[in-house]
1. Please get the size of the charge dipole for the chain, origin at its Cα centre, with Cβ charges of +1 on Lys and Arg and -1 on Asp and Glu, quoted in debye to the nearest 20.
2. Using a/c under 1.5 as the rounded threshold, could you call the stretch 35-100 rounded, prolate or oblate? The axes a ≥ b ≥ c are square roots of the C-alpha gyration tensor eigenvalues, and prolate needs a/b larger than b/c, oblate otherwise.
3. Once R0 is set to 35 Å, what does the formula 1/(1 + (r/R0)^6) return for the Cβ-Cβ distance between Phe92 and Ala317, expressed as a FRET efficiency to the nearest 0.05?
4. What is the calculated FRET efficiency for Val380 to Arg467, with r their C-beta to C-beta distance and R₀ = 30 Å, to the nearest 0.05?
5. Rounded to the nearest 20 Debye, what is the dipole magnitude of the stretch 619-704 about its Cα centre when Lys and Arg each give +1 and Asp and Glu each give -1 at the C-beta?
6. What's the extension gain from Ala106 to Phe409 if we count 0.36 nm per residue and subtract their Cα-Cα distance?
7. What per residue convex hull volume, in Å³, do the alpha-carbon atoms of the stretch 163-255 yield?
8. Figure the gain on full extension for Arg491 and Ile52 (residue separation times 0.36 nm, minus the Cα-Cα span) and round it to one decimal in nm.
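All of the numbers you see were taken from the coordinates with simple rules; none came from a lab. None of these values were measured; they are calculated from a predicted model. Glycine also receives a Cβ, built like all others from the backbone with ideal geometry; neighbour counts cover every protein chain displayed.
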Amino acid sequence: MDLQNFGMTATANRLDPDEIWNIQMTSAAHQEKRGEIGVITIDSPPVNALGINVRRGLDSAFRALRDDPAVKAIVLICAGRTFFAGADISEFGKEPQAPLLGDVFALIENLGKPVIAAIHCTALGGGCELALVCNYRVAVPSARIGLPEVKLGLLPGAGGTQRLPRLIGPELALDLILFGRSIDAAEALRLGVIDKVVSEGALLDEAIAFAAEMVAQGKPLTRVRDREDQIAQSRDHPEIFAAARARAAKTARGFLAPENIIKAVEAAVSLPFDEGMQRERELFVELRDSTQSAAQRYYFFAERKAGKVPGLPTAPADLKIERVGVIGAGTMGGGISMNFLSAGIPVTLLEMSQEALDRGIGVIRRNYENSARRGRISDVEVERCMDLITPSLDMGDLGEVDVVIEAVFERMDVKQDIFAKLDKIAKPHAILATNTSFLNVDEIAAATSRPESVLGLHFFSPANVMRLLEVVRAARTSESVLAASMALSSRIGKVAVVSGVCDGFIANRIMTPRREQAEAVILEGTTPQDVDKALYDFGFTMGPFATMDLVGLDVIDRSEPYRTVKADLLKAGRRGQKSGAGYYDYDESRRPSPSELVAKIIAEVAAERGIVQHPPLNQEELVCRLLYPVVNEGARILQEGIAQRASDIDVACILGYGWPVYTGGPMFWADSIGLAQIVTGLRAMAERFGSQFEPAELLVRKSEAGDRLTD
Ligand code: 3HC
């Protein structure tokens, strides 16, 4: 039976509700009666998002229970893995369908009977807001509650900015909403967001008992919207909002949502509830219709899609991963090892000398101890992770492991030698992975008699922090090895992006043109600081020259057959921040300033190479010159089948290179400014600077057809 029909029948035709209680619904809502307490269960996998079916289910079920005089209070609970995870993000941008969230919330808030939200797992976004329109909230200890809309470029648009400050005050509410921070049940209880923590595994029974207690007490119904105490004391305290603005300016540069969130919370404090709701709506709609939020919502789904490989079988049982071997205890090998240790997976760590091994293990310990000092993990956890390391100087020890990850320096002969040895030692089903960032994985696999077991697992530095993992599928990598590697990657909390074999794989390859163009324009008359500023203003944390100075010019392993600025800087002892000078001069606090010597070197190199000088490029010209070629490279990566989909390229750039998420990544960005404009820009550059700028065939085809790269 359709729930909406059920609701309609029960109310319109006044059937005896007892006849129809306990009927299993085919829609998202199920209702039953436990004595005087009505229970509404929403079951809409995977995460009970508040899409149209759930809204209809809630609307019908609440109307039916409201109209049943035998029901004295209502418990709202969700089946499956979580309480409501928020509005259905895939509905944004589509024609809204009634009943709207606001209508359903108004129905619940004005029901006239106590409504108790029973929360497990997560109450997020609209799910948290729904809990706030209920009269009471109970939760199991493992539950988490939060308003993460800011991560989607939005603000809580169903009353969250008005009700949460009324419960916990604007300062704390801003702290949660501005940073999308969720809190556990204990903190929620302490702050007054929930009324009771109930036993794990007994949520429904204890929520019903709580509801019965409220009925027995017969106290007048309280609604969050009517609370004044927390906001009254914050009126005439503009410093609360000034502090929030200062924090947001530092941590969320370039994002639009934080300012609207602050304005909405200001409205909660200064306006009556209904006017505050109206203001929240205006500010929400402004964000919802912005390109930034469209980009961030696109990114939300892109990240989840990245781990999926169409047609790939699930990992077979004989590829169960219980122990990992890492070759090389340097910066990369140590960081890679930490991923597994933190996930409770033992690691055999191999080095050539005791000294290198001790040094590597010492760094891992220091990293964990620093995390403990910052309160991120406990001292017990530090020791638990360290106990999972088996140090080794004997390659034979890798015969015990299920996956080997080689992380030695980038030389094909060295890697091939290691893989030939591994071939003889490793278990028959072991996965043999290389962390190479640009060498040909097919050639490495060819050094073994089992190329189907070989693939690339390309971590980004610092490997224990960066979430991106490029899983490089070589020509003969088997499907089961790929599937097991994808599963392993989500076990260690990485976002896996599958890449084919090519120079630089996805992230390094696509971003190479940005560096090349940056190096080219400084020889044509634009300064390094102008280039860095243009990209900083675009939303990158740093421009390419500041980044090279930070990493160290001597570390960047690249030699060119002609005179370069970088080589001259190195000759002058300018190795970057660590030597006090690189592309910039640095003071004792490592504050950069432009360098006359660098300007002189640039002029000399340009003169020697006969490069024609132009007036400096402005911000807009620099963005085109540096980033259109990135889009072009992305299109080539796509047309060659190196990436599975355009959104994978965006995920790789955002997570691997800090491309600003509010533009959606280079592919989404290109779509949002229009492919025709990119093609025209590239053709103009090709005419001036050569055929390397010719737009990729895919780009031209999509542009002419009026298509998008990210469709
Ligand atoms: N809308 C639509 N789909 C959603 C969704 C949502 N709010 N939340 C999750 N999903 C989908 C995911 O896309 C994924 O789909 P897939 O299986 O097809 O890939 C599936 O649900 C499972 O999600 P995860 O892979 O993320 O599952 P996890 O168990 O790792 O995480 C979660 C669960 C913590 C609930 C996580 O999904 C999450 O953080 N969801 C988003 C929460 C959120 O941002 N809510 C606010 C929405 S905006 C809003 O409410 C506006 C309101 O103020 C008006």
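1. Around 380 debye, computed over the chain.
2. oblate
3. 0.30
4. Using R0 = 30 Å, I get an efficiency of 0.75.
5. Dipole size: approximately 40 debye.
6. 102.8 nm
7. Per-residue hull volume (Cα only) is 124 Å³.
8. Full extension from Arg491 to Ile52 adds 154.7 nm.
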